[in-house]
Structures are given as C-alpha cells and as structure tokens.
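**Q** Before I ask anything, let me first share the structure, which is written out below as structure tokens.
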Amino acid sequence: RYRSEESSVSIEDARVIVAGGRGCQKAANLVLLQDLAEKLGGVVAGSRAIVEQGWIPHTRQVGQSGTTVGPELYIAAGISGAIQHVVGMSSSKTVIAINKDPEAAIFKTADLGIVGDALEIIPLLSVLIEDNK
C-alpha cells in the first residue's frame, strides 16, 4: 500500500525523485513509484494534477505552484510536461521521462525518454535495479 508520507526527506533535499502524473491512473498505482523510489534511495513526488486528486500531499508537488527541485535523478512517470511542472524540475541533473504519448512535452526536457505506459515500465525498472544489486 502506498504511504503518502513515505519519507522524512523533503523533495527539496532528495537525491532521487520518482514523480507521477495523470498517467499513473489512480492513487493505488503510486505504490509502483514508491517501490522504485525506495530501491533508488529516493522519494515519491508528483504533478499538480495528482495533488488536486488528493493522491499525494501538496508538500510533494513539483512545479511552479509547488516545490522547485534539483535532484541528481528525476524520473517523470506519466507526466505530460506542462511548463508549470517543467519549471519546478528543470534543475535536475538527469531526467528520465516515461509517457505513452511520443509527442509529450516532457520529452523535450528529458535526457532519456521512454515511450510506453509508466505502469508497465516502472515495475520493469524496479526489477532491473533489484537484479543488479
């Protein structure tokens, strides 16, 4: 089960952030992001859309109306890349974007883009990390 306050580390201080957006489809799916974040020593954050849905607290919102972050690694899962969100994460050293839409704006900011369903890709990344430990 996803725990909304999974870490005492604020998103401003996190070295790794796994952020979710509308593409995560429902709050229960955030457990996939949490699993990956824990394996990477990071935290879960999200877009304004999922904060407004009540899936995560505002303290975990990345973007113009949330928090500006600059982690070493930012994984954007199911986030379209609205300018308000990108403003808040553009200082990230490495950005990996996962989105079904090959034309999603988030790919313009990403260092690595994966076109696909975040709900299928995130568990694969978790397995790869676990297998390489």
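**Q** What are the pairs, 6+ residues apart or on separate chains, where a residue within the range 82-108 that is within 18 Å of Leu125 (Cβ to Cβ) has its Cβ under 6 Å from a residue that is aliphatic (A, V, I, L, M) and open to solvent by 60 Å² or more (accessible area, probe 1.4 Å)?
**A** Cβ pairs passing all conditions: Ile96/Leu112.
**Q** Kindly indicate which of Ser92, Ser80, Ser65, Ser126 is in contact with a Phe, Trp or Tyr (Cβ under 7 Å, 6 or more places away or on another chain) and small (Gly, Ala, Ser). Steps first, answer last, please.
**A** Numbers: Ser80 fails: in contact with a Phe, Trp or Tyr (Cβ under 7 Å, 6 or more places away or on another chain); Ser65 fails: in contact with a Phe, Trp or Tyr (Cβ under 7 Å, 6 or more places away or on another chain); Ser126 fails: in contact with a Phe, Trp or Tyr (Cβ under 7 Å, 6 or more places away or on another chain).
Step by step, each of Ser92, Ser80, Ser65, Ser126 is checked, and only Ser92 is in contact with a Phe, Trp or Tyr (Cβ under 7 Å, 6 or more places away or on another chain) and small (Gly, Ala, Ser).
**Q** Next question, about the same structure. Quick one: Ser126 ticks every box in (1) more than 21 Å from Glu38 (Cβ to Cβ); (2) in contact with an Asp or Glu (Cβ under 9 Å, 6 or more places away or on another chain) bar one, so which box is it?
**A** Every listed condition holds for Ser126 apart from (1).
**Q** Further question on the same structure: Can you report the number of residues in the range 62-89 which are open to solvent by less than 70 Å² (accessible area, probe 1.4 Å), closer than 15 Å to Ala14 by Cα and hydroxyl-bearing (Ser, Thr, Tyr)?
**A** Qualifying residue count for the region: 2.
Here is a yes/no grid of residues against (1) touching a Ser or Thr at 6+ places or on another chain (Cβ under 9 Å); (2) of a type in the set (Val, Ile, Thr); (3) on the phi > 0 side of the Ramachandran plot:
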position: Glu52; (1), (2), (3): no, no, no
position: Ile56; (1), (2), (3): yes, yes, no
position: Gln61; (1), (2), (3): yes, no, no
position: Leu73; (1), (2), (3): yes, no, no
position: Ala82; (1), (2), (3): yes, no, no
position: Ser92; (1), (2), (3): yes, no, no
position: Asp101; (1), (2), (3): yes, no, no
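**Q** To continue, here is another question. If you check Ile129, Ile121, which single one turns out to be β-branched (Val, Ile, Thr), part of a helix (DSSP H, G or I), at pLDDT below 95 and open to solvent by 20 Å² or more (accessible area, probe 1.4 Å)?
**A** On the way: Ile121 fails: at pLDDT below 95.
Only one candidate passes the filter, namely Ile129.
**Q** Any residue that is assigned to a loop (DSSP other than H, G, I, E, B), buried (at least 24 other Cβ atoms within 10 Å of the Cβ) and touching a Cys at 6+ places or on another chain (Cβ under 8 Å) - is there at least one of those in the range 22-32? Write out each step before concluding.
**A** We begin by selecting, within the range 22-32, every residue assigned to a loop (DSSP other than H, G, I, E, B); these are 25-26.
Keeping just the survivors that are buried (at least 24 other Cβ atoms within 10 Å of the Cβ) gives none.
No: the range 22-32 contains no residue that is assigned to a loop (DSSP other than H, G, I, E, B), buried (at least 24 other Cβ atoms within 10 Å of the Cβ) and touching a Cys at 6+ places or on another chain (Cβ under 8 Å).
**Q** Let me ask another. Which pairs do you get when a residue that is free of Cβ contacts under 8 Å to residues at least 12 places away in the same chain, found in the range 110-133, comes within reach of a residue that is open to solvent by less than 40 Å² (accessible area, probe 1.4 Å) and part of a helix (DSSP H, G or I), reach meaning Cβ atoms under 8 angstrom, with the pair 6+ apart or on two chains?
**A** Pairs found: none.
**Q** Taking the range 90-108 as the region of interest, how many residues are at pLDDT below 95 and buried (at least 17 other Cβ atoms within 10 Å of the Cβ)?
**A** Counting residues in the range 90-108 that are at pLDDT below 95 and buried (at least 17 other Cβ atoms within 10 Å of the Cβ) gives 0.
**Q** Another question about this same structure. Applying the selection to the range 58-97, what residues are in a strand (DSSP E or B) and under 12 Å from the mean Cα position of the chain (by Cα)?
**A** Within the range 58-97, Gln61, Val62, Leu73, Tyr74, Ile75, Ala76, Ala77, Val95, Ile96, Ala97 meet the criteria.
The values are calculated or read from the model by the stated rules, or taken from the named source; none is laboratory data. Note that this is a predicted model, so its numbers are computed, not measured. All Cβ positions, even for glycine, are placed from backbone atoms using ideal geometry, and neighbour counts span all protein chains on display. Ligands, DNA and RNA are excluded from the accessible area calculation, which covers all protein heavy atoms including side chains. Shrake-Rupley method; radii C 1.70, N 1.55, O 1.52, S 1.80 Å.
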